[in-house]
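Here is the structure we will look at.
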Amino acid sequence: MNPPIRVLVAKPGLDGHDRGAKVIARALRDAGMEVIYTGLRQTPEMIVNAALQEDVQVIGLSILSGAHNAIVPRVMDLLREKDMLDVKVIVGGIVPDADAAALKRRGVAAVFQPGASLDAIVEFIRGSVVRV
Amino acid sequence: MDMAVAEKQYTTISGVPIEPLYGPEQLPDLAAPAPGEFPYTRGIHETMYRGRLWTMRQFSGFATPEETNRRYHYLLQQGQTGLSVAFDLPTLMGYDADHGLAEGEVGKCGASISSLEDMEILFRGIPLGEVTVSMTINSPAAVLWAMYLAVAEQQGVGWKAVSGTLQNDILKEYIAQKEYIFPPRPSMRLVTDTIEFGARHTPRFNPISISGYHIREAGSTAVQELAFTLRDGMEYVEWALERGMQVDEFAPRLSFFFNAHSDFFEEIAKYRAARKLWAYAMRDRFGAKDERSLKLRFHSQTAGCSLTWQQPYNNVVRTAIQALAAVLGGTQSLHTNSLDEAYALPSEQAVTIALRTQQILGYESGVANTPDPLGGSYFVERLTLDMEQAAGDYFRRIDEMGGMIAAIENGFPQSEIANASYVYQRAVEAKEKLVVGVNAFQSQDQPIELLQIDQTAEEHQVKKLAALRARRDNGRVSKTLDALRRAAEGTENTMPFILDAVRAYATLGEICDAFREVFGSYRETAHI
C-alpha cells in the first residue's frame, strides 16, 4: 500500500476566517491523507519552512482577503529557492478568474474558487501527486 | 401518505428536524405577552415599526479614507439612514498601513485607518451629531473609538450627543472570526474600560455589539449562534459588575448583532427566543430593574456565507428573503448584502440594489404595518420554544465549564462550530442540502462588474503616514504612549490615556504596540 499523501493546509496573511481551511483539512484527512494545519497568520517563510520540515507533497493555501497576489508569488519564489518545486501548491478562496490564471502561470497547480466541491479537491490532489 | 414523503427527513438548514404539521397540541400556551411587554418575545416596542422603521445601515469601507468618505456621502444621498464603517485587516489587527504585515492588505477589506488624521478624513462633511455611526472594530476598538470621539470634539459635537455603536465584541473573535491581538483577559479589561467610559460620558453610544453574526458565518447552527452570543453577553455583564458598576448603569446600552440566514422560520424564531432569553437572564440572573436593561436590541445582517459565486444575481433573491426574516423578527437595524458579496467588496450598483431591497420591504410590502405578524403561528411559536430550550442547555454547559473564557480556552465553542460547519458541508456534498447554482441547477455564469482596489491605496496611505510622523510633535507622542503603558500596567480605565495619545496623533500601531508590550499577544492552538 502507498503511504498516505501529506498535505500542509495553511492560512497566510492577516485574515482569520478559517472555516474553509478547517473544512478542507478535515475532508482531506477523512479521505486518508495526513494533514498538518498551520493555524492562522503564517508568513510565506513560515509556510515554506513548515512544508520542508513536515516533508509534504502538497501545500494548500486558504486566502479570502484579496491578498493572494502579494502572498502566493512569494511562496512560489521561496519554494524555487529551496529547490522544492516538486511540492504542489493549491490555492482556495476568493480569487478572481484573471488572478487565478496569473497564479497558475507562476506555478500554482490549481485554484479552487467558492463553491468548489470537496470531492473535486480530493480527486485533484490524488491525481496530481506522483507516488514514489 | 405517500411512503417517500413519509420517510424523507425534513430539517432546517441547521439540521433541526421539522414535524409534518404543527398544531395546537404542540403548544401548551399560545398567549405570549404583547409586544413591549416582558419578556419581549414579540418585540421590544408596543408599536414596533409604526413608530419608526428599522435603520437601514449598509456596512461599507474600502481603500483610503478619502474614497470611503465619498461612498458615505453617496449612501446618505441615496436615503441610507446610518453609517457603518468597515476597516481593513491591518486596522482590525492593530497594524499601521506601513507595517510589514500590512503589505498587500491595505484597503482590501475595508478602509485603512492608521491615525486620527485618517479618521478626520473619513468623516469629513458628515455631522457626527446627526448621523449615527456603527464601527466594526474589535481588538483595537478602544483606540478607534477614541479617534472617533476626538473627531466629534473637533466638529464641536459634545460626547453626550454622539450616537452609534462600537462592535467591540472580543469574545466572538476568539470563538469565530479570529481577529484578536491580546490574550482574553486583558482584552476583556479593555472592553470593560469602554463600557465604563461610555456609561459615564456617551449616554447615546452603544459601547458593544455582542455578535452572533460571525459565529454563524463560521458555520454554526442557529441555536449555537443564539446560545454563544447571549452567553458572551452575560460574560460582559459579569465583568462590568466585577468592575463595581451597577447593572442598570450600563445594561441599557448593550446591543446585539445577529445573522439573517436562509432558513426563514428558524431565523424568526431565533430573534424571538433571543429577546425572551435575554430578558429573563437580565432580570433573574443579574437583578436588572430598568426596563431598558431587559430589552434586547439588535442589528442584523443577511448571511454572507449563503451567497454564491455561481449565478450571482440569485443573491439578490436570497438577500431579500433573509432581510424579510430579520424584519419579521423585529430587528432594529439591518444591512443587506450585495449580490457581489462572494467576489469582492460591493460595487456602487450592487450596494444600491441591496439598499433598495430594504426600502421595498419597508415601504411597499406592508410587512412593517403591525408588530410580530407571525406571533401565534403554531410553527413559529414551537420553534421559538425549542430554540430557547436548546440555548438554555448550552448556557448550562458553559456555566459548568466556569464561564465563556474557560470554555474558549477549552476550545469548546470553536469545536462545536467546526463540527457543525463540516456536517453542513458534507450535506451539501451529498446533495442532502441543495444550493441553487452550486450543487443543483448549474448554468454558465454571466460575468459581473466588480469594484477594483488597486495598489495605489496602499502607497497613498503609506506616504500620508510618513508625512504625519515627520510633522507631528514626537516628544508629545512618546510622552502620551509612556503614560498609556503605565495605565495598562495598572488597573485604571485606559480610555482617557488612549484619547491623549490619539489627540497627539500617535498611530493605531504605536498605541497597540504599547498594549502588546504590557499584555502580550495571543496565539490559539489550532484544532481541526
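The values are calculated or read from the model by the stated rules, or taken from the named source; none is laboratory data. A quick note: this is a predicted structure, and the numbers were derived from the prediction, not measured. Cβ coordinates were reconstructed from backbone atoms using ideal geometry, including for glycine residues, and neighbour counts include every protein chain displayed.
Of all residues assigned to region B:40-51, at least one qualifies as being modelled with pLDDT under 90 and either exposed (fewer than 12 other Cβ atoms within 10 Å of the Cβ) or under 21 Å from the mean Cα position of the chain (by Cα) (or both).
When the residues of region A:96-119 are filtered to those that are outside any loop (DSSP other than H, G, I, E, B) and within 17 Å of B:D445 (Cβ to Cβ), which remaining residue is farthest from the other protein chains (Cβ to nearest Cβ)?
My answer is A:A101.
Quick check on region B:98-107. Is at least one of its residues away from chain A (no Cβ under 14 Å), under 25 Å from B:L296 (Cβ atoms) and not in a strand (DSSP E or B)? Within region B:98-107, not a single residue is away from chain A (no Cβ under 14 Å), under 25 Å from B:L296 (Cβ atoms) and not in a strand (DSSP E or B).
Looking only at region B:65-81, decide whether some residue is of a type in the set (G, A, S) and either at pLDDT 95 or above or within 21 Å of the chain's Cα centre (by Cα) (or both).
Within region B:65-81, not a single residue is of a type in the set (G, A, S) and either at pLDDT 95 or above or within 21 Å of the chain's Cα centre (by Cα) (or both).
The set of residues in region B:460-514 that are among the acidic types (D, E) and either outside any helix (DSSP H, G or I) or farther than 26 Å from B:E105 by Cα (or both) comprises B:D473, B:D482, B:E489, B:E492, B:D500. The condition of being away from chain A (no Cβ under 14 Å), aliphatic (A, V, I, L, M) and touching a strand residue (DSSP E or B) at 6+ places or on another chain (Cβ under 7 Å) holds for only one of B:A260, B:A251, B:A240, B:A199, that being B:A260.
Can you confirm whether region B:69-89 contains a residue that is within 14 Å of chain A (Cβ to nearest Cβ) and out of contact with any strand residue (DSSP E or B) (no Cβ under 8 Å at 6 or more places or on another chain)? Checking region B:69-89: at least one residue is within 14 Å of chain A (Cβ to nearest Cβ) and out of contact with any strand residue (DSSP E or B) (no Cβ under 8 Å at 6 or more places or on another chain). It is to be established whether one or more residues within region A:39-46 are within 11 Å of chain B (Cβ to nearest Cβ), touching a Gly at 6+ places or on another chain (Cβ under 8 Å), farther than 14 Å from B:E105 by Cα and surrounded by fewer than 23 Cβ atoms within 10 Å (Cβ to Cβ). Yes, region A:39-46 contains at least one residue that is within 11 Å of chain B (Cβ to nearest Cβ), touching a Gly at 6+ places or on another chain (Cβ under 8 Å), farther than 14 Å from B:E105 by Cα and surrounded by fewer than 23 Cβ atoms within 10 Å (Cβ to Cβ). Contact map, region B:417-428: first residue at pLDDT 95 or above, second residue among the polar types (S, T, N, Q), Cβ cut-off under 8 Å, separation 6 or more or different chains; pairs are B:I417/B:S220; B:I417/B:Q224; B:A420/B:S14; B:A420/B:S220; B:A420/B:T221; B:A420/B:Q224; B:S421/B:S220; B:V428/B:N439.
Filtered by the rule that a residue be surrounded by 12 or more Cβ atoms within 10 Å (Cβ to Cβ) and of a type in the set (D, E), region B:450-468 gives B:E458, B:E459. Hey, any hits in region A:77-95 for a residue that's facing chain B (nearest Cβ under 9 Å) and either surrounded by fewer than 22 Cβ atoms within 10 Å (Cβ to Cβ) or under 14 Å from the mean Cα position of the chain (by Cα) (or both)? Yes: region A:77-95 contains one or more residues that are facing chain B (nearest Cβ under 9 Å) and either surrounded by fewer than 22 Cβ atoms within 10 Å (Cβ to Cβ) or under 14 Å from the mean Cα position of the chain (by Cα) (or both). The residue that is surrounded by the fewest Cβ atoms within 10 Å (Cβ to Cβ), among those in region B:209-237 that are out of contact with any strand residue (DSSP E or B) (no Cβ under 6 Å at 6 or more places or on another chain) and outside any helix (DSSP H, G or I), is B:G219.
Residues of region B:172-195 that are of a type in the set (A, V, I, L, M), within 14 Å of chain A (Cβ to nearest Cβ) and part of a helix (DSSP H, G or I): B:I175, B:A176.
If you go through region B:509-516 one residue at a time, do you hit one that is crowded, with 20+ Cβ neighbours inside 10 Å, within 14 Å of chain A (Cβ to nearest Cβ) and more than 29 Å from B:G244 (Cβ to Cβ)? Yes - at least one qualifying residue is present in region B:509-516. Of the residues making up region A:16-32, those that are out of contact with any helix residue (DSSP H, G or I) (no Cβ under 6 Å at 6 or more places or on another chain) and buried (at least 21 other Cβ atoms within 10 Å of the Cβ) are A:H17, A:D18, A:G20, A:A21, A:I24, A:A25, A:L28. Output the number of residues of region A:25-37 satisfying the condition of being closer than 30 Å to B:P90 by Cα and either within 9 Å of another protein chain (Cβ to nearest Cβ) or at pLDDT below 95 (or both). The total comes to 4. Go through the residues of region B:114-130 one by one and say whether even a single one is within 14 Å of chain A (Cβ to nearest Cβ), over 21 Å from the mean Cα position of the chain (by Cα) and assigned to a loop (DSSP other than H, G, I, E, B). Within region B:114-130 (the criterion being within 14 Å of chain A (Cβ to nearest Cβ), over 21 Å from the mean Cα position of the chain (by Cα) and assigned to a loop (DSSP other than H, G, I, E, B)), the answer is no, since none of the residues qualifies. Of the residues making up region B:419-439, not a single one is surrounded by 13 or more Cβ atoms within 10 Å (Cβ to Cβ), in a helix (DSSP H, G or I), away from chain A (no Cβ under 13 Å) and not aromatic (F, W, Y). Residues in region B:329-357 that are in a helix (DSSP H, G or I) and surrounded by fewer than 23 Cβ atoms within 10 Å (Cβ to Cβ): B:E348, B:Q349, B:T352, B:I353, B:L355, B:R356.
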